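Engineer: Encoded as structure tokens, here's the structure I'll be asking about.
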Amino acid sequence: MESKPVARPARTMRGLFFYFLRLGSSGFGGPIALAGYMRRDLVERRGWYSEDEYQQGLAIAQTMPGPLAAQLAMWLGYLERGGLGALLVALPFIVPPFLIVTAVAVLYAHYQGLSQVQSIFFGVGPAVMAIIAIAAYKLARSTNKQDPVLWAVAAIVCTATVISGAEIVWLFIGAGLFGSLYYGGGVPRLRSSVASVAPLPLTSVKGFAWLGAGASLGTMAAFFAKASAFTFGSGLAVVPFLHQGLVSDHHWLTERQFTDAVAMGLISPGPVVIMGTFAGYLVAGLVGAVIATVAIFTPTYLFVVVPGRLFRRFERHPRRQGFVKGATAAAAGAIAGAAIVIGRQTISGWLSAAIGLVALALLLQRRMKMPEPALVVVAAAAGLLLH
């Protein structure tokens, strides 16, 4: 007697809400791992989405600026119930890691002067630098492949980032436009007026009280929104943008505090860019954490919902694909440059350098590769023991 196939529950908005609530609360491993969990659970096990629907969402998440995992989740919600569906997926996916990271930030702000806390992040800092370096290489390898032009773009942006000590937004835009022309068929025959694209102004908004080291809520919101809007490739692509504003331009955080914020994004569940929540709290308390979180994820939501229908029509347009190639190559170069810039301040002495090299070796292991959150925990323990 043949056994009947087990009936799987149909896809509902309620089911998606609770699935992403669980994933946001316990999904560790970064954007690639989170995207893999979604495919395993929603395509293979539950059959809520077809492989084509998932691949389309993954392509859009890789195409548009913003954190990959959050954008993919929003797109899956968009397919179910449009803009409302994207919002009802985003909230349970983002709120749990927001609460976790904010709670840790409260403790960190209160106890960061203790020698034990300093020792923990003495070990964490070099490990984070190793993770960022590997992320830059993986992003460049997956995007550039064996294309010397894209590798040249990444090298130019990396060099510019190291020399200037900052990310340069116009290099991202220029790399994207170059890719659109080079890979999209050359210069268009018909002349078209190209509107100049300017980054969001980092001006303060009147009426807001000044907070922290001279930061207003309006300035913070504009800064974090701009960082999200120019983040291509993966969650760690936001690192050079955040470092430029938080440390170099506004001096809201020290190098050590910024590295600790990146570490929190890596070891907490959910999207890696939740590091912005941690940084926002250090700048302006709970209000700063809320402002930073909303500002980071709002552009991501808009990039999914507003052009959603056009995406489904022009997903494979050569100029759009060319722009993504150029911008993503620039992102890989910027991440690598940011790792060098931050590493100059974070790694001091042979002991921290040794921790960084060991972390790099563990990440490069193929047989017994250590997950990134586990590596950060081990590095924290090494800092306690050795520092």
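The values are calculated or read from the model by the stated rules, or taken from the named source; none is laboratory data. Just so it is clear, the structure is predicted and the values come from calculations on it, not from any experiment. Neighbour counts run over all protein chains shown; Cβ positions are idealised from the backbone, glycine included. Protein only, heavy atoms only, side chains kept; ligands, DNA and RNA dropped before computing areas. Shrake-Rupley method; radii C 1.70, N 1.55, O 1.52, S 1.80 Å.
Engineer: Determine which single condition residue 311 fails, assuming it passes every other condition in (1) surrounded by fewer than 24 Cβ atoms within 10 Å (Cβ to Cβ); (2) among the aromatic types (Phe, Trp, Tyr); (3) within 17 Å of residue 131 (Cβ to Cβ).
Structural biologist: (3)
Engineer: Continuing with this model, one more query. Residue 270 - would you say it is at pLDDT 80 or above and either surrounded by fewer than 20 Cβ atoms within 10 Å (Cβ to Cβ) or out of contact with any helix residue (DSSP H, G or I) (no Cβ under 6 Å at 6 or more places or on another chain) (or both)?
Structural biologist: Working: at pLDDT 80 or above: yes; either surrounded by fewer than 20 Cβ atoms within 10 Å (Cβ to Cβ) or out of contact with any helix residue (DSSP H, G or I) (no Cβ under 6 Å at 6 or more places or on another chain) (or both): no.
No.
Engineer: Looking only at the stretch 244-263, which residues are in a helix (DSSP H, G or I) and either open to solvent by less than 10 Å² (accessible area, probe 1.4 Å) or among the hydroxyl-bearing types (Ser, Thr, Tyr) (or both)?
Structural biologist: 245, 246, 248, 258, 259, 260, 261, 262, 263
Engineer: Where residues in the stretch 355-373 are assigned to a helix (DSSP H, G or I) and open to solvent by 40 Å² or more (accessible area, probe 1.4 Å), which of them is nearest to residue 262 (Cα to Cα)?
Structural biologist: The extreme case among them is 372.
Engineer: Give me the pairs, please: first residue somewhere in the stretch 291-303 and closer than 16 Å to residue 237 by Cα and open to solvent by less than 60 Å² (accessible area, probe 1.4 Å), second residue anywhere and at pLDDT 90 or above and acidic (Asp, Glu), beta-carbon distance under 7 Å, and either six or more positions apart or on two chains.
Structural biologist: none
Engineer: Can you list residue pairs whose Cβ atoms sit under 7 Å apart, with the first residue in the stretch 82-110 being in a helix (DSSP H, G or I) and the second being among the polar types (S, T, N, Q) and surrounded by fewer than 17 Cβ atoms within 10 Å (Cβ to Cβ)? Count only pairs 6 or more apart in sequence or on different chains.
Structural biologist: Listed by first residue and then by second, the contacts come to 96/25.
Engineer: Condition first: under 18 Å from the mean Cα position of the chain (by Cα), without any contact (Cβ under 8 Å) to a residue 12 or more places away in the chain and farther than 20 Å from residue 323 by Cβ. Can you find one or more residues in the stretch 144-160 that meet it?
Structural biologist: For the stretch 144-160, residues under 18 Å from the mean Cα position of the chain (by Cα), without any contact (Cβ under 8 Å) to a residue 12 or more places away in the chain and farther than 20 Å from residue 323 by Cβ: absent.
Engineer: Next up: Out of the residues in the stretch 10-60 meeting the condition of being open to solvent by 90 Å² or more (accessible area, probe 1.4 Å) and modelled with pLDDT under 90, tell me which one is nearest to residue 91 (Cα to Cα).
Structural biologist: So the residue we want is 32.
Engineer: Please pick out the residue among 152, 127 that is in a helix (DSSP H, G or I) and either touching a strand residue (DSSP E or B) at 6+ places or on another chain (Cβ under 7 Å) or within 20 Å of residue 171 (Cα to Cα) (or both).
Structural biologist: On inspection, the qualifying residue turns out to be 152.
Engineer: Starting from residues that are among the polar types (S, T, N, Q) and touching a helix residue (DSSP H, G or I) at 6+ places or on another chain (Cβ under 7 Å), keep the ones in the stretch 335-354 and report whichever is most open to solvent (accessible area, probe 1.4 Å).
Structural biologist: This residue is 345.
Engineer: On the given criteria, is residue 120 of a type in the set (A, V, I, L, M, F, W, C), modelled with pLDDT under 90, open to solvent by 30 Å² or more (accessible area, probe 1.4 Å) and over 18 Å from the mean Cα position of the chain (by Cα)? Before you say what the answer is, go through the steps one by one.
Structural biologist: On the way: of a type in the set (A, V, I, L, M, F, W, C): yes; modelled with pLDDT under 90: yes; open to solvent by 30 Å² or more (accessible area, probe 1.4 Å): yes; over 18 Å from the mean Cα position of the chain (by Cα): yes.
So residue 120 fits the description; yes.
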